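Read-outs throughout are calculated quantities, based only on the coordinates presented, and are distinct from any laboratory measurement. Just so it is clear, the model here is predicted, and its values are computed rather than measured. For neighbour counting, all protein chains shown are included, and Cβ atoms are generated from backbone atoms with ideal geometry for every residue, glycine included.
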Amino acid sequence: MKRMILVVGARGMLGRDLMGILNASFSGDEVIGWDIEEIDIRKEDQSVARIEKLRPEIVIHLAAYTDVDGCELDKEKAFAVNAEGTRHVALAASKCRARMVYLSTDYVFDGDKREPYSESDPPRPLNVYGDSKLKGEQYVQELVKDFLVIRTQWLYGPFGKNFVDSILRQAREKKALSIVNDQTGSPTYTVDLAKAISGLIQFGARGIFHVANSDPCTWYTFGQAILKLSGVNQVRVIPISSKELGRPAARPSYSVLNCQKLKKETGLIMRPWSEALEDYLSACCRPLS
Ligand SMILES: NC(=O)c1ccc[n+]([C@@H]2O[C@H](COP(=O)([O-])OP(=O)(O)OC[C@H]3O[C@@H](n4cnc5c(N)ncnc54)[C@H](OP(=O)(O)O)[C@@H]3O)[C@@H](O)[C@H]2O)c1
C-alpha cells in the first residue's frame, strides 16, 4: 500500500538531496516536502494540527536552526527551533503513530574521548547548538515509540552554503587562507548521507545511528585537499587554532563518529570523505585553474 512520507526541512541543504533520493527509492510511496513556508515548527498547535491532518506514516525531521555561532548568540531561538520545534514534530508523529527520523549532530559530544564516538557514548555538548539538538533527541526518544536518530557531521553539498564552496571562493580572492587545524572530524557529502538515510529507512532501522563519510581529518587538511583536487596551487594554506579564529561557539576538538553500527546492522558502508569530495567537485564546482 502507498505510504505517505513527510520531510520537514525539505528545502535545506540536506533536504533537497534527500527529496531527490527518496522520490527515486520510494517511487511507490508519496513523498511530501515541507519547509518554513508550510510549517513553522516553533508554533506548537499549528504544527501538530498540520501534520496530524496529513497523517504520514513516516516523518523525517531535518528542520533546524543550524548556524552554530548564531545559536550561541540567540539561545532562545536555538531552543525554540531545535528543541521545542522538535518536540512539536515528535508530538505530531506520536499522534499519527508515525515512525520518526531525526537528524542530529556530532556536536552533542565534547571531544575529550579522542577516539571515534559510538552511539552509546554519553553526550556532553560544548555549545548551545549541540545542547539544543540533544534536547531534540531526548524529546524524540521520550515521545515517539518508533524512532530513528541519525547523528552526522560537517555537511557539504550542492544545495547550501558550505565549507568547500567557501574555500574555493576565498581562493579566488586571496593569496593565503588561514584554516583551523585543531578540530578533527569527517566531512560528509549530503548525497552520501541522503542515500544512507534512505537505506536506513528501507532497512527499518531503529534507535541511534552515527552516519558520516569515513576517515578523520581537520578543517585544515580538508581545505588543502579541496584546493589540491581543484588544481589550485598558488594559494598558501596556514594552519591556525580555534582560539585564533575566535568564533562565539566552542567546538569539540575531536568529534569523529564511529559508524560501525551502521555497517554491522545494515551492511551500509560510508566511503572515505576524499572520494566523496572528488565526486562533489566534479559534479558541482567549476575548475579554478
Ligand atoms: N550542516 C551540518 O554540517 C550538519 C551537521 C550535523 C547535523 N546537521 C543536521 O542535519 C539537518 C539538516 O541540516 P542542513 O545543513 O541541511 O540544514 P539547513 O540547510 O539549515 O536546513 C534546515 C532547514 O530548516 C528550515 N527551518 C529553520 N527554522 C525552521 C522552522 N522554525 N520551521 C520550519 N523549518 C525551519 C530552514 O529554513 P531557513 O533556511 O529559511 O532558515 C532550512 O530550510 C539539521 O537537523 C542539522 O541540525 C547538520
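Some notes on this structure:
- Local net charge near P248, Cβ-Cβ under 10 Å (Lys/Arg +1, Asp/Glu -1): -1
- Rounded Å value of the spacing that divides the Cα centres of the stretch 25-81 and the stretch 261-284: 26
- Proximity of backbone amide H atoms, modeled 1.01 Å from N, is registered between A64 and no other residue at under 5 Å, excluding neighbours fewer than 5 places apart on the same chain.
- Ranking of K264, K43 by count of other Cβ atoms within 10 Å, fewest first: K264, K43
- Only Lys, Arg, Asp and Glu carry charge here, each on its Cβ (+1 for the first two, -1 for the last two); on that basis the stretch 167-230 has a dipole of about 240 debye about its Cα centre.
- Per residue, the average separation of C-alpha pairs within less than 8 Å and at least 6 apart gives the stretch 146-289 a relative contact order of 36 percent.
- Intensity falloff of the chain expressed as log10 I(q)/I(0), Debye formula with alpha-carbon point scatterers, at q = 0.13 Å⁻¹: -0.89
- Positive-end residue, the chain charge dipole about Cα centroid, Cβ charges, pick of I39, P125, A205: A205
- Neighbour net charge for N23 - beta-carbon separation under 12 angstrom, K R +1, D E -1: -2
- Take the Cβ atoms of R124 and A24, set R0 to 41 Å, and the FRET efficiency comes out at 0.60.
- Distant-in-sequence amide contacts of R124, defined by a placed amide H-H separation under 5 Å and a gap of 5 or more residues or a different chain, comprise F109, D110.
- Here the label points at S178 and K243, each 7 Å from Cα along the C-beta direction, are separated by 1.4 nm in the simple model.
- Most mobile of A63, A249, A196 in a GNM of the chain (Cα contacts under 10 Å): A249
- Dividing the mean sequence gap of close Cα pairs (under 8 Å, 6+ apart) by how many residues the chain holds gives a relative contact order of 20 percent.
- Label-point gap, in nm, between E275 and Q170 - each point 7 angstrom along Cα→Cβ: 2.9
- Cβ-based net charge around A225, under 15 Å, with every Lys or Arg adding one and every Asp or Glu removing one: -3
- Taking amide H positions as modeled 1.01 Å from N, with prolines and chain starts lacking one, the residues under 5 Å from S214 and 5 or more places away or on another chain are R271, W273.
- In sequence order, calculated HN-Hα J values of the stretch 209-218 (Karplus, 6.51, -1.76, 1.60; Hz; x Gly/Pro): 9, 9, 9, 7, 4, 8, 6, x, 7, 9
- Per-pair calculated FRET efficiency, R0 = 25 Å: R114 and K228 via Cβ, rounded to 0.05: 0.35
- In summary, the helical segments of the chain meeting the span-like criteria, namely a full DSSP H run, a Cα extent along the axis of 18 angstrom or more and a mean Kyte-Doolittle hydropathy of at least 1.0, are 190-203.
- The radius of gyration of the Cα set in the stretch 1-109, together with its Dmax, comes out at 13.8, 47 angstrom.
- Exposure proxy for L148, L168: other Cβ atoms within 10 Å of each Cβ, ordered fewest to most, give L168, L148.
- Neighbour counts of C-beta atoms inside 10 Å place M1, M270, M13, M100 in the sequence M1, M13, M270, M100, starting with the fewest.
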